[in-house]
1. Any idea which residue in the stretch A:196-227 is most open to solvent (accessible area, probe 1.4 Å), counting only those that are at the interface with chain B (Cβ under 10 Å from one of its Cβ atoms) and part of a loop (DSSP other than H, G, I, E, B)?
2. Mind checking whether some residue in the stretch B:402-411 is within 10 Å of chain A (Cβ to nearest Cβ), touching a Pro at 6+ places or on another chain (Cβ under 6 Å), open to solvent by 10 Å² or more (accessible area, probe 1.4 Å) and not in a helix (DSSP H, G or I)?
3. So residue B:320 fits all but one of (1) touching a Phe, Trp or Tyr at 6+ places or on another chain (Cβ under 6 Å); (2) in a strand (DSSP E or B); (3) over 27 Å from residue A:403 (Cα atoms); what number is the exception?
4. Filter the stretch B:363-385 for residues that are within 25 Å of residue B:240 (Cα to Cα) and part of a loop (DSSP other than H, G, I, E, B); which is most open to solvent (accessible area, probe 1.4 Å)?
5. Looking at A:292, A:317, A:297, A:339, which one is away from chain B (no Cβ under 14 Å), closer than 23 Å to residue A:392 by Cβ and not aliphatic (A, V, I, L, M)?
6. Given the structure, is residue A:339 assigned to a helix (DSSP H, G or I) and among the acidic types (Asp, Glu)?
7. Tell me, yes or no, whether the stretch B:154-167 has at least one residue that is surrounded by fewer than 24 Cβ atoms within 10 Å (Cβ to Cβ) and under 19 Å from the mean Cα position of the chain (by Cα).
8. Which residues, taken from the stretch B:54-69, are without any contact (Cβ under 8 Å) to a residue 60 or more places away in the chain and either open to solvent by 90 Å² or more (accessible area, probe 1.4 Å) or acidic (Asp, Glu) (or both)?
2 protein chains.
Amino acid sequence: MANENNVTETIQAMGQAARRAARALSRVDTNAKNSALLAIADQLVEHTGTLIEANKKDLEAGRANGLDEAMIDRLAFDAAGIQKMAEGVRQIAALPDPVGEITDTVFRPSGIQVGRMRVPLGVIGIIYESRPNVTIDAAALCLKSGNATILRGGSEAIHSNQALAACIRDGLEAAGLPTETVQIVGTTDREAVTAMLHSPEAIDVIIPRGGKGLVALVSREARMPVIKHLDGVCHVYIDPDADLDKAKAIAVNAKTHRYGVCNAMETLLVDQAVAEAVLPDLAKRFDELDVELRGCERARSIVPSMTVATEADWGEEYLGPILAVAVVDGLDAAIEHIETFGSHHTDSIVTENYTRARRFLREVDSASVMVNASTRFADGMEYGLGAEIGISTDKIHARGPVGLEGLTSQKFIVLGNGETRH
Amino acid sequence: MANENNVTETIQAMGQAARRAARALSRVDTNAKNSALLAIADQLVEHTGTLIEANKKDLEAGRANGLDEAMIDRLAFDAAGIQKMAEGVRQIAALPDPVGEITDTVFRPSGIQVGRMRVPLGVIGIIYESRPNVTIDAAALCLKSGNATILRGGSEAIHSNQALAACIRDGLEAAGLPTETVQIVGTTDREAVTAMLHSPEAIDVIIPRGGKGLVALVSREARMPVIKHLDGVCHVYIDPDADLDKAKAIAVNAKTHRYGVCNAMETLLVDQAVAEAVLPDLAKRFDELDVELRGCERARSIVPSMTVATEADWGEEYLGPILAVAVVDGLDAAIEHIETFGSHHTDSIVTENYTRARRFLREVDSASVMVNASTRFADGMEYGLGAEIGISTDKIHARGPVGLEGLTSQKFIVLGNGETRH
């Protein structure tokens, strides 16, 4: 109990410092923010040795605590990884500053002129697991968009994160920005997460980055808005009027370009009109690539080597070389399947038919809806947003890849000449 | 417990029906939505007698249960009130449809073309108190923006709300839209509110409309995003370079145009350089209008008739003929006061100085920031948004007046020609 109070007090104090930093940061010019980013990138490269040593401590502790190899893998970085982090920060420095943009200005009959100005969100809390590069990516994106951050990484990465935080702090200092712009929660106490989620006066928005358990906890407990990413159960639907060469290339790319990513295809929907023409070829190609196909009864009647898909397969995010395959009757059935089993992340139709392409674009309620393109394009860099802090599956504020703009909002501004309301 | 389960089941069933309706609604054309709105307006006028009788039942029950006069006042409507509701619905029908707008389309080096399409949020839950006109306003705005709604009004307005709901249902039916587009929670059980707040799978966004207790409850308990309005502690700051005629007119208008509204000024900040020039005149004018002034020590040294402001006055939303007055030293002190005691709603500077106007616009972190205009302009109609569902004091999604656009979001669309990712 005493401990819980201490943690809460620590988070409150960090929140107050963050709020002061956010106010200062919302006023500095673009050049100061960019200077800080470039200084942070230099610090990272300069302290490569120290960073790798800190990372080693985490890796040793992780192995001693029996972390599995996948987690060890996510935790580890080397000199090339540090170079990549620094390069990412430099790219963020090169992006246009979203803050201060004035749009939608109109004169109203009352005489006032109304517009909108893009502004930072304020203080962003980020709760994440294992990957230490999130510390750098998140801090850099929030800094460029004028926000202060409170970062709470996994306890297994605490040494790496503190070493990275030192680089950030020195970079901020070098550019004359408040060092409280980016704060790392120093304790590995679980209570620190709860304290963050229950402090809406200190933190304006929470972004969880990690497994489903973490995201569910944050959604349930947070008393402030959450920008989150849940599952990526993405579909490709091959329409009767699909160009079958495009269809096959897109299906193979969407599944096999990378497996462990949220924008990989997990279910292939094939219209019954083209199923016989496209499935045998595709099955052969997937077999060569060691992808297991799990088919519905009709798919298996065409390609009997597929294993049997159960109901659970339709909602599964495999994140691996497995693909569910269903034969469907027309666009309505395809959309019905996507709305029933999908996760509103990214879905693509392959067709040359204008009307059905237009209907798919409008009627599929996903963050990214595509025609004749691989689901793998659902990505901040591919969309031209620059780096992304994540891909949101929420319905409000930001859907899909969240870049700098998603870390800002718009306030109204009114320019008047003494107008009063009648 | 049994009851709680029943209520939860009812809300779940309503949620599923709402989701089906939302999907249907996201696909109907603008004309069908407008037809439904016009039919609802006609129904309201046609059933004026029935509506007034239902309202009488609520008023009688309210008086029997000892509701205070202010609440009875909010609850009551007459034929003119019904005409006004119908007129509001017709105005919403006349607004442009925000859904389907495609913006920001760009070709990317990969060959894909990326853009954004404006889409409804889905199912919107609205929890509100007393005023039955919210039933009509909210239903009409959500319908026009392509959203299904689940409305939960106060138990004291249950007969009025059900009579209004019948008009909405008949209007929807007349236009061939699903009647589940707008559903009213029939039970006055408190558990229904909890069941709504705990059903993120059924409801995408919650909007509370009511007192601070309700808004606090909803913010704490909701497991989905909330668009909410907290306090309106609005400021006018009179700068040393203010045109004093504009300053006086704006101060009087911002305080006295209407008292019980969130965009009324609650604290007047006067720069010490002009305090002697402006305060005596203003005090005289406010005295004529029976507004009580509560001043800081320096304000009282100029106008001794002011009562003494305590620390609590600076954060107070009076919603009545009371005004706190503070003399401050310069723009930084004014902004510091606003950021410390304000509610990030609406704040205005009166000045002819270009640089300080620009700084105020940028540095004050409120949903509406104004130069030389009355805070009373912070309003959806005045801003040209058409009707508003409320004024958000949140930092994400929508700040300030929330109209049709605030009830939508944007998904990404990708138009390709068979592109795959390298």
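The values are calculated or read from the model by the stated rules, or taken from the named source; none is laboratory data. Just so we're clear, the structure is a prediction, and the values are computed from it rather than from any experiment. When we count neighbours, we look across all protein chains shown, and the Cβ atoms used for this are built from the backbone with ideal geometry, even at glycine. Note: accessible area is taken over every heavy atom of the protein model, side chains too, but ligands, DNA and RNA are not part of it. Shrake-Rupley method; radii C 1.70, N 1.55, O 1.52, S 1.80 Å.
1. A:223
2. no
3. In the conditions (1) touching a Phe, Trp or Tyr at 6+ places or on another chain (Cβ under 6 Å); (2) in a strand (DSSP E or B); (3) over 27 Å from residue A:403 (Cα atoms), residue B:320 misses (2) alone.
4. Among those residues, the one meeting the criterion is B:365.
5. A:317
6. Here the answer is yes, as residue A:339 does meet what is asked.
7. Among the residues of the stretch B:154-167, at least one is surrounded by fewer than 24 Cβ atoms within 10 Å (Cβ to Cβ) and under 19 Å from the mean Cα position of the chain (by Cα), which makes the answer yes.
8. Of everything in the stretch B:54-69, those that are without any contact (Cβ under 8 Å) to a residue 60 or more places away in the chain and either open to solvent by 90 Å² or more (accessible area, probe 1.4 Å) or acidic (Asp, Glu) (or both) turn out to be B:56, B:60, B:63, B:68, B:69.
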